Ligand SMILES: [Cu+2]
């Protein structure tokens, strides 16, 4: 029996209860490495209208792959929104994809009716967004948020950058223009006929999420980009459904982390690798001026291990549900081809302090809220034992309160937990992993590995109303790993 047939069989009849002897017959694929970086990187256009039209289009990607795609304004990824703090954002979302959808502005703090709560879906026609940009500069993003079908809609192409600028950040004179590159990293499955397809098996839905075997950066398979020997600002977004990347350079060079989900860090942090889970962003400074041989800098996802939790279930989750390489496998992402010096290379003089931030302190917290995430047999991915219900209020919070939320992962798979309407600060994590560089700044999504307890501190200042929090593994979210929070 080949693996695909085996997985279909497993999903249809046996659920997850399979004899270990059967499971160990699955072998893991090796590290994914493209033959070469053949296609130039594309950069999405800046949105220059007040219309976002979602449509269904048959796409050909890199002249060889086909996709039954969904696009904003016939662009893959969608156009980049670029706006300054204090400005008003107005856009009309038109839904022409033939199924329910609604847009969520990930990381943005907006009124509940502007947030893209799944109850606000439209199946046709349009939805008006109108809100003031009232938060820090940062790399945010937008994507659909309909209940149960967010995974396929994002996978098929509906996602774009939402970049906010402000005076504090502009004063730093970070690389800009052609030296500032927004890069959305996504993995995809491609069949032997070249079709990019979305067809999660039962184990993929119930365990790992949908893990692809090919990498797209800004919609281009394993691209290359020609750069000058100087520092660049890379705005990385993990727009994958389920795959976590461990961002690194092939030659082991270090790079500097400048920002996170909610904008600049207090101080720059140098590192050689950086975990980036679905939904998370990292603003990094990469210097191509020295240390690279052959004028090539290869961006990779370095292999990493997922802590096992719960013995056989942990092992099963790693081995089942894969069509692509397992979570933690090494991947090649893209190549930077370093040209000769053209004109003056401008060094970036980073200050000791990037941003003046005061995080809430633990003494300010009025309570600790436990958010237990688990996978229950025959039920699915739960939050505090429950699956998502559209209007049930799961957590009620008084506006202005500061709380500690403790995410407890009792399951065997990683969960990147995202809270709408806030930015929070990670306080602590149990287990073998410490706080990582991006977690020294504001976050809206935090990776909780199997067995970990992660504490975050958060002040609920957003307008009163109903918002969601959920796992950003989109197969988990679609399976019900989402809950409502109401600010009252
Ligand atoms: Cu999850």
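The values are calculated or read from the model by the stated rules, or taken from the named source; none is laboratory data. Since we're looking at a predicted model, the values are computed, not measured. Positions of Cβ are backbone-derived with ideal geometry, glycine not excepted, and every protein chain shown enters the neighbour counts.
Of 389, 396, 403, all but one fail to be assigned to a loop (DSSP other than H, G, I, E, B) and either assigned by TED's automatic domain parsing to the domain that holds residue 247 or more than 14 Å from the ligand (Cβ to nearest atom) (or both); the exception is 389.
In the stretch 102-110 there is at least one residue matching the filter, namely being in contact with a helix residue (DSSP H, G or I) (Cβ under 6 Å, 6 or more places away or on another chain), farther than 18 Å from residue 283 by Cβ and outside the structural domain of residue 215 (by TED's automatic domain parsing). Note on the stretch 414-429: among residues that are surrounded by 23 or more Cβ atoms within 10 Å (Cβ to Cβ) and farther than 24 Å from residue 112 by Cα, the one that is farthest from the ligand (Cβ to nearest atom) is 414. Does residue 211 fit the bill of being assigned to a loop (DSSP other than H, G, I, E, B) and crowded, with 18+ Cβ neighbours inside 10 Å? Here the answer is yes, as residue 211 does meet what is asked. The residue of the stretch 332-382 that is nearest to residue 169 (Cα to Cα), among those that are within 16 Å of the ligand (Cβ to nearest atom) and touching a strand residue (DSSP E or B) at 6+ places or on another chain (Cβ under 8 Å), is 371.
Name the residue that is nearest to residue 117 (Cα to Cα), counting only residues in the stretch 366-384 that are modelled with pLDDT of 95 or more and not in a strand (DSSP E or B). Checking each candidate, the answer is 384.
Residues of the stretch 457-480 that are out of contact with any helix residue (DSSP H, G or I) (no Cβ under 9 Å at 6 or more places or on another chain) and within 16 Å of the ligand (Cβ to nearest atom): 469, 472, 480. Residue count for the stretch 445-455 under the criterion of being under 17 Å from residue 369 (Cα atoms) and either crowded, with 24+ Cβ neighbours inside 10 Å or within 14 Å of the ligand (Cβ to nearest atom) (or both): the result is 5. Can you find even one residue in the stretch 178-200 that is assigned by TED's automatic domain parsing to the domain that holds residue 77, assigned to a strand (DSSP E or B) and within 19 Å of the chain's Cα centre (by Cα)? Within the stretch 178-200, not a single residue is assigned by TED's automatic domain parsing to the domain that holds residue 77, assigned to a strand (DSSP E or B) and within 19 Å of the chain's Cα centre (by Cα).
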